[in-house]
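Take a look at the structure set out below.
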Amino acid sequence: MKSNKIGIMGGTFDPIHIGHLIIAEESRVNFDLDKIIFVPTGEPPHKNLKNVTSAKHRYEMTLLSIMHNPYFYISDIEIKREGLTYTIDTIRYFKKRYPKSEIFFIIGADSLINIDKWKNSEELLRESKFIVAKRVGIEYSLLEERINEINDKYSKIVFSVTTPYIDISSTDIRKRVKNGENIKYYLPLDVEAYIKKNRLYR
């Protein structure tokens, strides 16, 4: 019997863009995941909350971006959680909710390099498997070295996925909107329309 495999993709998603979606879909296809659950952060501990768009808008944009993919789902678990949101709490939640499933947390290369700085990082590495997407700006040799180091210590729990290099960031999109520049095809059309309708990032 095929084991159930679930990918968890967390992020501020301010806004979500095609880079996020490509990483999620490539992870699903390459690792035969049954579904991907997108988890917009509530109060991320590593960001200045004054510069983060409201959770409602970020949730709605994420929902709009995934609605045409039957394998993509969304969870508001972190948005509903009071106080700062940490990945370890999210992993605990999904392991409890899906006790018979393999959980894969999808992250960028920069996050894996710095994972020792995350809250309860050792428990996190024991409790979940990771799919890491190569990212512009992170040397491949450095990433491979980090992957091997973690896999040697915790058994084979980190896997890399190769995706097209899409040099798009949420920060860049916000700047482009503020400067009145084009963002078409940087993100789904529905999300672009939502940003314009709600006058975000101006």
Counting only residues that are in a loop (DSSP other than H, G, I, E, B) and open to solvent by less than 30 Å² (accessible area, probe 1.4 Å), segment 189-202 contains a total of 1
Selection over segment 61-76 where residues are over 20 Å from Arg92 (Cα atoms) and open to solvent by less than 60 Å² (accessible area, probe 1.4 Å) yields a count of 7
Of the candidates Leu21, Leu33, the one satisfying the condition of being farther than 23 Å from Leu125 by Cβ and in contact (Cβ under 8 Å) with a residue 60 or more places away in the chain is Leu21
In this structure, is Arg58 basic (Lys, Arg), buried (at least 16 other Cβ atoms within 10 Å of the Cβ) and within 19 Å of Tyr201 (Cα to Cα)?
-> yes
Taking only segment 20-43 into account, find how many residues are open to solvent by 10 Å² or more (accessible area, probe 1.4 Å), assigned to a helix (DSSP H, G or I) and not acidic (Asp, Glu).
-> 7
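The values are calculated or read from the model by the stated rules, or taken from the named source; none is laboratory data. Note that the structure is predicted; figures quoted are calculated from it, not measured. When we count neighbours, we look across all protein chains shown, and the Cβ atoms used for this are built from the backbone with ideal geometry, even at glycine. The accessibility values were calculated without ligands, DNA or RNA, using every heavy atom of the protein model including side chains. Shrake-Rupley method; radii C 1.70, N 1.55, O 1.52, S 1.80 Å.
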